[in-house]
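The values are calculated or read from the model by the stated rules, or taken from the named source; none is laboratory data. Keep in mind that what you see is a predicted model, and the values were worked out from it rather than measured. Cβ placement follows ideal geometry from the backbone for every residue including glycine, while neighbour counts extend to all protein chains displayed.
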Amino acid sequence: MKRFISASYLLVLVFLVPLAARAQEVLPTDVYPNSRNRLPSLGADAPTGVDGIRSHGTGGVVRWESPLGRALTELAILTIARELDQPYEWSLHEMEGLAVGLEPRVIDIVRNRQPLTELSEKESLIIELGRELLREHELSIATYARAEDVLGTANLVDIVSLMGDYVATGVRLTAFNQQLPPGFKQFLPLPFTEPDDIHPDSRSRLPYVENSAGAEAATPLLYSRQLAPAGTGPGQIRRHGSGLESLEASVGTRLTRLASLIAARELDDVYQWTTNEIAAAEDGLEAAIIDLVRRRAPATGLAEEDAALIEFGRELLGEHTVSAPTYAHALRIFGESDLVDFIELMAQHAHDATLLIAFQQQLPAGQEPLLPIL
């Protein structure tokens, strides 16, 4: 005897089946359900996100103590500096790389963006990691699997974490156009015109600030001198800031959330975008501005401070440069200390994005991604 299904029951099936399909989340094949990233959770009380990822490393100070050796950690730093077109970072670390045994031919391959032939497996893999992360804002399943196999999980976490550190450093240096002192050679093949908006003592867009007594003695040495020439570098830049708490007290959380969204959008970081979009809406950032940043629409018709922040972040993170007019505009609106703190916030997001993207951190179960990456 034939069975008949009622029309009302058919309607229930039509509407409930798609809902059930959407509710049944499908994670990427190399992501663990417990950690929601490419690394297994270390326990019920283990940290999540960036902290959880870093907890899989060796626990040492990667740049100086990695089991991979100094030559390979300097290669990782140079790869990031090249992808960011960051001449100050590159030039100092080329000298350090040579000092710790990195071969000149390997440095030249990175400098000239040449194919990764005739390199050791570890050398080629480290360069490939940096190039994929910075160019594509993703790390393919094949590259990740090869990296984990060749380097081991702990060393892979360490190398990506080190890359994140130097992405953040590069962001700081580029924002303030840090130059090498006279007499230092710039080793990257980039077009160069002597800028007219830097201070002669700090060699950046920020004036020199006297260091606290004894602090320079703790700086690592290269060839019996400080690696960062005195009065220059990320440490000098950070002395001009007052921290996130001061920034929020000065400009409000609405603008700090906008800075976070700009960074997440330029880095194609779905995880940081989604978590910050939700918080930004709660902190009063208008839906129209959120959507403008999401779509990378022109920053026209906005309040001057909103437009200045968007233009600055897009140049810095999207083009790896900040023009003199864009810098001067932002400096006039925000002042020196707040601008330094905005850049520090964006640099931290850039650091975190490197780890979150490399290890494919997923959003919490049930949270829809709010940034469509096509």
- Can you find a residue in the range 29-43 that is of a type in the set (Gly, Ala, Ser), under 27 Å from Arg172 (Cβ atoms) and either modelled with pLDDT under 95 or not assigned by TED's automatic domain parsing to the domain that holds His349 (or both)? no
- Search result, residues across the range 164-197 that are of a type in the set (A, V, I, L, M, F, W, C) and either assigned to a helix (DSSP H, G or I) or at pLDDT below 95 (or both): Val167, Ala168, Val171, Leu173, Ala175, Leu180, Phe184, Phe187, Leu188, Leu190, Phe192
- With the condition kept exactly as written, say whether any residue in the range 38-58 is assigned to a loop (DSSP other than H, G, I, E, B), buried (at least 18 other Cβ atoms within 10 Å of the Cβ), touching a residue at least 60 places away in the same chain (Cβ under 8 Å) and small (Gly, Ala, Ser). yes
- Has the range 112-125 got at least one residue that is in a helix (DSSP H, G or I) and closer than 28 Å to Phe176 by Cβ? no
- Item | One residue from Ile237, Ile262 being closer than 30 Å to Glu94 by Cα, surrounded by 15 or more Cβ atoms within 10 Å (Cβ to Cβ) and among the β-branched types (Val, Ile, Thr) | Ile237
- For Thr321, are the conditions met, namely being touching a residue at least 24 places away in the same chain (Cβ under 8 Å) and in a loop (DSSP other than H, G, I, E, B)? yes
